[in-house]
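Have a look at the structure below, then the notes.
The values are calculated or read from the model by the stated rules, or taken from the named source; none is laboratory data. Quick caveat, the model's predicted, so the values are computed rather than measured. Don't worry about glycine lacking a Cβ; one is built from the backbone with ideal geometry, like all the others, and counts go over all protein chains shown.
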Amino acid sequence: MKVFRGYGIYLFSLSLVWAFWLQLTAGPKVQPGDSQETPWFLSKESSYPFTQFTILDTRSSIQRWKNKVPGSKVITWEELSRTDIPHKGELLELKLVRKKINDLGIKLKDSILVLGDGASGWGEEGRIVWSLREAGFTQAYWLDGGFETYEKEIRKRTNLKSENNINPTPKPSKPNSNSSYAIQKEELVKGLSSKAYQILDTREPREFSGATPYGEVRGGHIPGAKSAFYQELFDAKGQIKSKAEVELYLKRLGIKKEKPVVAYCTGGVRSAFVVGILRTYGYNAYNYAGSMWEWSHDPNLPLETGN
């Protein structure tokens with residue numbers, strides 16, 4: 001009898017340890033050195049030699065036609081994403097992403113500068129950089145301000161001085177296949193009840209309140225999410241706001257720097273842009289790429305409407 005009782009206590013203790021381990025391993029992992037990451041975007045005053053970058057142009061076809069960038073390689077965020085319902089917007093398998101970028105003549109160790117439409121776009125440049133970094137292209141950045149900034153610097157033929165004092169010269173880092181800046185639907189669902197994550201809805205306020213202008217099956221927002229329209233992070237000149245300004249904005253929303261942040265939108269584009277900014281400014285942020293296209297498709301997942 002004593003043997004069985006001792007064995008029962010052992011199994012009970014083991015179950016407690018297992019439950020504790022599951023809590024520790026649930027959700028996105030905090031990557032070592034998160035607060036010392038290289039920036040995800042560069043300003044027109046960055047000190048990194050401009051000519052050392054391979055240029056990826058993710059602007060709209062009209063903008064690419066009107067203002068061609070010599071020597072650039074063209075790609076869209078859709079080319080690196082799934083199109084099948086309900087997984088539309090999710091990143092392709094990482095090996096496929098790497099192949100598509102390799103086919104452009106770009107290697108993992110290359111320095112990549114992504115051009116987008118800036119404040120007039122949807123944050124495609126941020127989505128591309130997020131996708132590249134997920135696939136191991138650790139030296140990928142987008143250029144704050146888009147083509148106009150690029151054009152001006154090409155004409156000047158000068159080097160750049162980092163704005164906001166964010167690592168003036170990005171230091172090359174080794175590709176780390178364990179680093180991820182993504183969160184899956186299942187992880188997010190598990191964390192809802194315990195409020196494990198601070199959730200940012202980076203869509204327009206009308207979408208947050210229930211409008212479905214971009215193909216969502218149902219309207220509303222993920223319970224507990226804060227409305228943080230991505231364009232709130234631009235200043236009057238269409239440049240990304242300073243670290244101090246972004247921190248103040250998030251503080252007013254009740255976002256704490258020491259707790260993981262999850263951003264989502266419709267298909268993970270605007271949210272990836274926000275994740276890049278937050279990562280640059282020292283937040284432990286993750287992109288939910290499936291976003292509302294995936295979440296709203298599942299009738300069993302909760303949604304809230306209104307402000």
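Take the residues in the range 100-115 that are charged (D, E, K, R) and over 22 Å from Ser60 (Cβ atoms), then tell me which one is surrounded by the fewest Cβ atoms within 10 Å (Cβ to Cβ). Spell out how you get there, then give the answer.
Our first condition is that a residue be charged (D, E, K, R); within the range 100-115, this holds for 100, 103, 107, 109-110.
Then drop every residue that is not over 22 Å from Ser60 (Cβ atoms), which leaves 103, 107, 109-110.
Values: Asp103: 9, Lys107: 11, Lys109: 13, Asp110: 14.
So the residue we want is Asp103.
If a residue has to be in a helix (DSSP H, G or I), within 24 Å of Phe147 (Cα to Cα), within 22 Å of the chain's Cα centre (by Cα) and not aliphatic (A, V, I, L, M) to count, how many in the range 58-97 make the cut?
Count: 3.
Hey, can you tell me all the residues within the range 273-306 that are more than 16 Å from Tyr197 (Cβ to Cβ), among the hydroxyl-bearing types (Ser, Thr, Tyr) and assigned to a loop (DSSP other than H, G, I, E, B)?
Tyr281, Ser296, Thr305
I'd like to verify a number: residues in the range 83-99 that are at pLDDT 95 or above, surrounded by 12 or more Cβ atoms within 10 Å (Cβ to Cβ) and more than 15 Å from Asn287 (Cα to Cα), how many?
Qualifying residue count, the range 83-99: 5.
Within the range 234-266, which residues are without any contact (Cβ under 8 Å) to a residue 40 or more places away in the chain and of a type in the set (Val, Ile, Thr)?
Val246
Consider the range 234-252. How many of its residues are aliphatic (A, V, I, L, M) and surrounded by 14 or more Cβ atoms within 10 Å (Cβ to Cβ)?
The initial filter retains those residues of the range 234-252 that are aliphatic (A, V, I, L, M), namely 236, 240, 244, 246, 248, 250.
Right, trim to surrounded by 14 or more Cβ atoms within 10 Å (Cβ to Cβ) and you get 240, 246, 250.
The total comes to 3.
Which one is nearest to Ala196 (Cα to Cα), of the residues in the range 206-249 that are in a loop (DSSP other than H, G, I, E, B) and among the basic types (Lys, Arg)? Reasoning before the result, please.
Here is the first cut: in the range 206-249, the residues in a loop (DSSP other than H, G, I, E, B) are 210-220, 222-225, 228-229, 235-239, 241-242.
Add one more test, that the residue is among the basic types (Lys, Arg), and what stays is 218, 237, 241.
Working: Arg218: 24, Lys237: 36, Lys241: 27 Å.
Of everything passing the filter in the range 206-249, Arg218 is nearest to Ala196 (Cα to Cα).
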